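Each remark here refers to the structure printed beneath this line.
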Amino acid sequence: MRVLLILLLTTVQASAQSLFRSDPVAAAPSAWGRAAPIRNGARPLAIRVRPLDEPAPDIADVPRRPDTSARGPVRHAADAKGCLAEAIYFEARGEPISGQVAVAEVVLNRVDDARYPDTVCAVVNEGTGRIDACQFSYTCDGIPEEVDDPAAWRDAEGIAAHMLGGAPRRLTGDATHYHATYVDPYWAQVYPRTAQVGRHVFYRRTPDA
């Protein structure tokens, strides 16, 4: 009986040694925490097996690829370019480039006018959140300001940078107001009309108004 057992163990050992000599992948170390090659067709891959006593990584520690798209909420920008891009995007992204530039002109004309705040962000956000008090309708229409057209947002940022860089304002005749062609605000009967660009009509506030 003992002889048979020794012969059996010898046979198993010889088979295992033969397998490891003929298959280097099968013979590769697979200790916990070390790369253990496995076959995937004819191409070996390497995986890492986490030891049982190694704690799982906290989800907060997992590195994430930064989101570089423009999609998502962007309101409440803190810099002039961001605030001007918001106004261009939410007020005129459906307009041709000239129409978007015209909206930017109005914002900057107000910055230069002593009757309005003296920064782009303050001009854009004047009266924000108060119905009939906001100066730009998108800031108080109750609709979340979310970018859903990244290409249009990039255009708005480019126009904002161009205008803030000192580009000439030639489209609106120093306008401080505008409205869409399908509305008729009271001040349209008071201020002189200066231009129409796309679907927006532009006006200049008079000194005594």
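Read the figures in this text as sums done on the coordinates, not as results from a lab. Being a predicted model, the structure only gives us computed values, none of them experimental. Here Cβ is always computed from backbone atoms with ideal geometry, including for glycine, and neighbour counts include all displayed protein chains.
For segment 182-193, the Karplus equation 6.51 cos²θ - 1.76 cosθ + 1.60, evaluated at θ = phi - 60°, returns couplings of 9, 10, 9, x, 4, 5, 5, 8, 10, 8, x, 6 Hz by residue, with Gly and Pro reported as x. Once backbone amide H atoms are built at 1.01 Å from N, Val197 has Phe202 as its partners under 5 Å, excluding neighbours fewer than 5 places away on the same chain. As a proxy for reagent exposure, Phe202, Phe90 were ordered by neighbouring Cβ count within 10 angstrom, fewest first; the result is Phe90, Phe202. Extension gain for Ser98-Ala122 works out to 6.3 nm (0.36 nm per residue, less the C-alpha to C-alpha distance). With the convex hull constructed from alpha-carbon coordinates only, segment 75-174 shows a mean projected area of 6.1 nm² over all directions.
By other beta-carbon atoms within 10 Å, ranking Ile159, Ile88, Ile97 with the fewest at the front produces Ile97, Ile159, Ile88. A Cβ-based charge dipole, computed about the Cα centre of segment 75-174 with Lys and Arg at +1 and Asp and Glu at -1, lands at about 220 debye.
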